[in-house]
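In what follows, a single structure is set out as structure tokens and then discussed.
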Amino acid sequence: MSATDDRLRVVVLISGGGTNLQALLDRADSPASPFRVCGVVSNRPGVRGLERAERHGVPSRVLDHVDFEDRATFDTALAELVDSFDPGLVVLAGFMRILTAGFVEHFAGRMVNIHPSLLPEFQGLHTHRRALEAGVGEHGASVHFVTAELDGGPVIAQVRVPVLANDDEDVLAARVLAEEHRLLPQVVCWFAEQRLELRDDRVWFDGKPLDGPMRCCD
Ligand code: GRF
């Protein structure tokens with residue numbers, strides 16, 4: 001990295017496989033990328049996402065929540081650790097922890113999450129199973145600014161996939177995940193290009209408030 005590197009510094013929080021992290025690392029590798037991943041933090045030791053970071057030469061840390069007596073103490077330590085990377089954006093990519101209001105407030109307007117459903121449908125867990133049970137014809141994923149409401153912050157962009165007759169949970173999850181890998185880097189690029197903003201609890205894009213989520217990625 002040169003001293004004049006002015007790409008947006010992104011910290012990615014993970015809990016597992018890190019395929020969305022991989023999509024960000026791959027996009028950041030392209031010479032035209034407006035962002036770079038400057039740190040990865042996992043709340044679980046030994047996960048595949050940590051190997052992905054290491055292979056890319058990105059510093060990673062484990063902060064295991066089981067070592068902390070409560071959520072607030074963990075979140076205080078997590079905020080300090082994330083701050084130590086001096087990020088312009090924090091990305092929750094499969095980070096399976098509920099965050100305290102204090103943590104969310106600290107990173108307000110500069111933290112996004114990827115969620116595997118067409119929010120506000122299917123907030124929380126087991127989204128693919130619930131989409132199949134509900135019999136929806138379309139499913140997908142959303143990237144939203146993080147607010148204190150779980151999976152409830154203003155949605156920036158979504159990607160849609162069809163639900164097909166013989167889908168089971170795994171098949172549908174894989175179809176959505178492949179599209180997440182396009183959606184998330186696109187949103188991070190927009191943020192890095194200063195086209196995206198959280199203002200008055202709304203998403204602004206290119207200086208105008210959005211009426212609804214943008215559709216990705218054609
Ligand atoms: C993704 O489906 C993401 O939307 C959800 O958890 C999954 C993480 O996958 N929050 P990975 O760790 O990025 O492979």
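The values are calculated or read from the model by the stated rules, or taken from the named source; none is laboratory data. Nothing here was measured: the structure is a model prediction, and the numbers come from that model. Cβ sites come from the backbone with ideal geometry, for glycine too, and all protein chains shown count toward neighbours. When the accessible area is computed, the model is the full protein with side chains, heavy atoms only, and any ligands, DNA or RNA have been set aside. Shrake-Rupley method; radii C 1.70, N 1.55, O 1.52, S 1.80 Å.
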Task: Of the criteria (1) buried (at least 19 other Cβ atoms within 10 Å of the Cβ); (2) more than 18 Å from the chain's Cα centre (by Cα); (3) more than 14 Å from L118 (Cβ to Cβ), which one R199 fails - done: (1)
Open item on the list: Out of the residues in the stretch 97-121 meeting the condition of being over 19 Å from L183 (Cβ atoms) and within 14 Å of the ligand (Cβ to nearest atom), tell me which one is most open to solvent (accessible area, probe 1.4 Å).
Closed with: I98
Task: Within the stretch 1-87, helices (runs of 4 or more DSSP H) holding 1 or more residues that are at pLDDT 95 or above and farther than 21 Å from F107 by Cβ - done: 19-29, 48-55
TODO: Pull up the stretch 10-62, narrow it to residues that are within 11 Å of the ligand (Cβ to nearest atom), touching a helix residue (DSSP H, G or I) at 6+ places or on another chain (Cβ under 7 Å) and of a type in the set (A, V, I, L, M), then point me to the one that is nearest to S84 (Cα to Cα).
DONE: V12
TODO: Please state which one of T19, T4, T76 is open to solvent by 20 Å² or more (accessible area, probe 1.4 Å) and under 15 Å from L184 (Cβ atoms).
DONE: T19
Open item on the list: Restricting to the stretch 138-150, count the residues that are in contact with a strand residue (DSSP E or B) (Cβ under 6 Å, 6 or more places away or on another chain) and open to solvent by 20 Å² or more (accessible area, probe 1.4 Å).
Closed with: 1
- [ ] Could you please find all residues in the stretch 67-96 being touching a strand residue (DSSP E or B) at 6+ places or on another chain (Cβ under 6 Å) and within 16 Å of the ligand (Cβ to nearest atom)?
- [x] V90, V91, L92, A93, G94, F95
